[in-house]
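Participant: Dropping a structure here in structure tokens format, bear with me for questions.
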Amino acid sequence: MKLLTRISLCLALAIFLVSATNETFAQTKYPRPSQKAMIMQTVGDTDVTITYHRPNIKGRTLWGSKEDKPLVPNGEVWRTGANEATVFEVTNDVMINGQKLPKGKYSFYAIPNGNDWTLIFNKTWDQWGTVYDEAKDQLRVKTKSVMDKDSIESLAYMIQNVTDSTADITLAWGNARIPFKLDVGDVNARIIQNVNQNITSERINAANFIYATEQSDKYAMAISWLDSILSEGDSFNALFGKARLQAASGKKKEAIETAKKAVDFGKANKANPRSITFLEGLIKDWSGE
């Protein structure tokens with residue numbers, strides 16, 4: 001029995017040591033030849049983040065025709081960095097050189113052709129940089145490179161000339177500067193729209209809370225909140241909430257009228273089918289069917 005106990009203890013100790021060793025190795029961070037970098041800039045109400053790896057020139061020829069055997073030949077897709085694909089992320093819809101790019105994450109590629117460049121935003125962002133599928137492209141835009149007298153050894157992205165709604169983004173490597181313009185649109189209009197949406201959502205949530213907690217003395221107030229929303233245009237959720245409050249107040253005729261309006265509006269505007277079906281069931285109940 002003692003022998004078995006000793007064996008068990010030895011096995012447990014061995015497992016612990018192996019686990020501890022593995023954990024130690026897992027925490028070791030080894031440097032890579034092209035090291036990771038990230039640049040983030042807020043433009044108006046939009047965060048722009050570029051995550052990439054920075055290769056060095058190391059005396060190589062960067063650009064040119066295939067005959068020159070450059071690192072990045074003309075006419076070929078390039079990953080605009082090293083290792084994993086460069087990731088370009090924006091938190092709102094933006095314009096890139098005047099063309100729309102929806103908010104989200106993208107892998108960023110480019111095709112050089114002398115001074116003429118094609119910039120590519122691809123929908124598959126979490127991949128190795130040399131893996132590229134043109135069918136997944138979200139956007140392609142044109143730009144022209146500019147040659148600078150100063151050479152940059154390590155590839156870099158720069159976000160400059162930042163205003164309330166625009167910024168200039170540049171990919172710089174060697175003497176080449178590949179620029180493009182980012183425009184986040186009408187920030188003020190978007191902020192007002194978001195505030196209005198939040199206010200509308202808050203009023204609907206508060207009215208639903210009053211209904212759910214059966215605060216009958218506040219039904220009229222809750223209906224007035226929903227009416228203030230409906231005065232700006234029909235809303236399925238506001239009509240739904242108002243119909244239930246009217247029925248709970250004993251005004252079933254008005255509730256049925258409001259609910260029918262909600263059903264028609266909901267079907268026309270692709271509201272949640274389950275909510276529409278549920279409301280149709282309430283209409284039958286209130287009608288005594």
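Participant: For residues in the range 106-125 being in contact (Cβ under 8 Å) with a residue 40 or more places away in the chain and closer than 23 Å to residue 94 by Cα, which is most open to solvent (accessible area, probe 1.4 Å)?
Facilitator: Here the residue is 125.
Participant: How many residues, within the range 263-281, are surrounded by fewer than 14 Cβ atoms within 10 Å (Cβ to Cβ) and small (Gly, Ala, Ser)?
Facilitator: Going through the range 263-281 one residue at a time, the tally reaches 2.
Participant: For the range 37-76, how many residues are open to solvent by 70 Å² or more (accessible area, probe 1.4 Å) and free of Cβ contacts under 8 Å to residues at least 24 places away in the same chain?
Facilitator: Total satisfying the criteria: 11.
Participant: From the list 239, 245, 226, which one is surrounded by 15 or more Cβ atoms within 10 Å (Cβ to Cβ) and farther than 19 Å from residue 284 by Cβ?
Facilitator: Only one candidate qualifies: 226.
Participant: Against the conditions (1) open to solvent by 30 Å² or more (accessible area, probe 1.4 Å); (2) of a type outside the set (Phe, Trp, Tyr); (3) touching a helix residue (DSSP H, G or I) at 6+ places or on another chain (Cβ under 6 Å), where does residue 79 fall short? Just the number, please.
Facilitator: Failed condition: (3).
Participant: Continuing with this model, one more query. Count, please, the residues in the range 135-156 that happen to be out of contact with any Ser or Thr (no Cβ under 7 Å at 6 or more places or on another chain), under 20 Å from residue 78 (Cα atoms) and in contact (Cβ under 8 Å) with a residue 24 or more places away in the chain.
Facilitator: Counting residues in the range 135-156 that are out of contact with any Ser or Thr (no Cβ under 7 Å at 6 or more places or on another chain), under 20 Å from residue 78 (Cα atoms) and in contact (Cβ under 8 Å) with a residue 24 or more places away in the chain gives 13.
Participant: Give the range 207-223 a look and list any residue that's open to solvent by 30 Å² or more (accessible area, probe 1.4 Å) and either of a type outside the set (Ser, Thr, Tyr) or in contact with a Cys (Cβ under 7 Å, 6 or more places away or on another chain) (or both), or say none.
Facilitator: The answer is 208, 209, 212, 214, 215, 217, 218, 220, 221.
Participant: Return only the number of the condition from (1) under 33 Å from the mean Cα position of the chain (by Cα); (2) part of a helix (DSSP H, G or I) that residue 253 does not satisfy.
Facilitator: Going through (1) under 33 Å from the mean Cα position of the chain (by Cα); (2) part of a helix (DSSP H, G or I) one by one, residue 253 breaks only (1).
The values are calculated or read from the model by the stated rules, or taken from the named source; none is laboratory data. As the structure is a prediction and not an experimental result, all values here were calculated from the model. As a convention, Cβ positions derive from the backbone with ideal geometry for all residues, glycine included, and neighbour counts pool all protein chains shown. We work out accessible area using only protein heavy atoms, side chains counted, and drop any ligands, DNA or RNA first. Shrake-Rupley method; radii C 1.70, N 1.55, O 1.52, S 1.80 Å.
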